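Here's the structure, in structure tokens; my notes come after.
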Amino acid sequence: MSIFLPVAKKKTFPNKPGSVPRRSDAPSRIVIHTTETARLPGYREGSVAPHFTIGVGDPGSLPNEEKGSVRIWQHISLDRTASALRHNRGTIETNHMGAHCIQIECITYIGDQEKAGIVGNKGKFPKALSKALAGLVQEITSALGDINIDVFPQTWSATGSYGEKAAQRLTEDQWEDFNGICGHEHVPNNTHWDPGAFDIEEFMDFVRALSPSGTHGTLDGSISPGPEVPQLFHVGDSDPRVQLICGVVQALGYAELPSSDLYDSDVAAGVESLQEALGVTADGVWGPETHARARTELDARLEWYEG
């Protein structure tokens, strides 16, 4: 059965070589790539699409943390493999290993880009993109249930990570048993270095913050503790849903808020800024009207670029 996530726009490439059904004789894993482009690639000229491409920012631009808009495309069903990794005949399988390798391309530059002052693979992976990627990873693991998101390599190198012999690359034996999240730079017998100096600890904080008390926040930042309209939240209230409210405020770019159940003065100030922008009563209290308007704004921002 095909598995396409509702948070993603389905964009398949019918003229590309077909993928094969996933296997189930070894652990699954997620591999993070970077496109080294400013917008959605066409996956032309013999390239093969990954499962997902994700971007954060303004139309036609690199990720923009101030805007924080998110767009995500899914190219291949999660019940099939992608073939975006190099695989040399006679070496250990990469794309089709085990229940397979979920491959995610992130729209950003981290490699040589002289005009932007990024040379020698020293570009920084944008925080806004890392947050959005964390949401996608949560959605994938919720759909599949067989990827251990707490397992990841410790070394994500800014330099010296190119080539088959790069120090951070997993051995074939390690790859065969790997069940977690890694970068293209860790895949054995590959040469690519993306995503470079990825801050895995910060990323994992974003991933864990999306699942307070077993309640998942969706990729677009919407509140999902249940179908009911949320209660009013005032300064001093404590509830797991406050973490998800903070996620909405952050996703729309109005405040950087810590992961906490407490609706404190900082949360209220962020909500008030959001309310002013949305044209609702700016009282710092989260209620049904603020909730509904924020959801509408998030949905609109998801359409930032169709590329």
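Say we look at the range 145-173 and pick out the residues that are within 22 Å of PRO6 (Cβ to Cβ) and at pLDDT below 80; which of these is surrounded by the most Cβ atoms within 10 Å (Cβ to Cβ)?
ASP146
On the basis of being modelled with pLDDT of 80 or more, within 24 Å of VAL7 (Cα to Cα), touching a helix residue (DSSP H, G or I) at 6+ places or on another chain (Cβ under 7 Å) and outside any loop (DSSP other than H, G, I, E, B), does VAL248 make the cut?
Spelling it out, it is not the case that VAL248 is modelled with pLDDT of 80 or more, within 24 Å of VAL7 (Cα to Cα), touching a helix residue (DSSP H, G or I) at 6+ places or on another chain (Cβ under 7 Å) and outside any loop (DSSP other than H, G, I, E, B).
So that you can scan it fast, the table gives a plain yes or no per residue for (1) modelled with pLDDT of 70 or more; (2) surrounded by fewer than 20 Cβ atoms within 10 Å (Cβ to Cβ); (3) in a strand (DSSP E or B); (4) of a type outside the set (Asp, Glu):
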{"site": "SER83", "(1), (2), (3), (4)": "yes, no, no, yes"}
{"site": "ARG86", "(1), (2), (3), (4)": "yes, yes, no, yes"}
{"site": "GLY90", "(1), (2), (3), (4)": "yes, yes, no, yes"}
{"site": "GLU93", "(1), (2), (3), (4)": "yes, yes, no, no"}
{"site": "GLY98", "(1), (2), (3), (4)": "no, no, no, yes"}
{"site": "GLN103", "(1), (2), (3), (4)": "yes, no, yes, yes"}
{"site": "THR108", "(1), (2), (3), (4)": "yes, no, no, yes"}
{"site": "ASN121", "(1), (2), (3), (4)": "no, no, no, yes"}
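Do we find that PRO59 is in a loop (DSSP other than H, G, I, E, B), at pLDDT below 60 and in the same structural domain as GLY163 (by TED's automatic domain parsing) in this structure?
So PRO59 passes the test.
Filter the range 163-197 down to the residues that are touching a helix residue (DSSP H, G or I) at 6+ places or on another chain (Cβ under 8 Å), more than 27 Å from ASP79 (Cβ to Cβ) and in contact (Cβ under 8 Å) with a residue 24 or more places away in the chain and list them by number.
Scanning the range 163-197 gives ALA166, TRP193, GLY196.
Which one is nearest to the chain's Cα centre (by Cα), of the residues in the range 274-284 that are surrounded by fewer than 17 Cβ atoms within 10 Å (Cβ to Cβ) and assigned to a helix (DSSP H, G or I)?
ALA277
The values are calculated or read from the model by the stated rules, or taken from the named source; none is laboratory data. What you are looking at is a predicted structure, and each value in this text was computed from that prediction instead of being measured. Cβ coordinates were reconstructed from backbone atoms using ideal geometry, including for glycine residues, and neighbour counts include every protein chain displayed.
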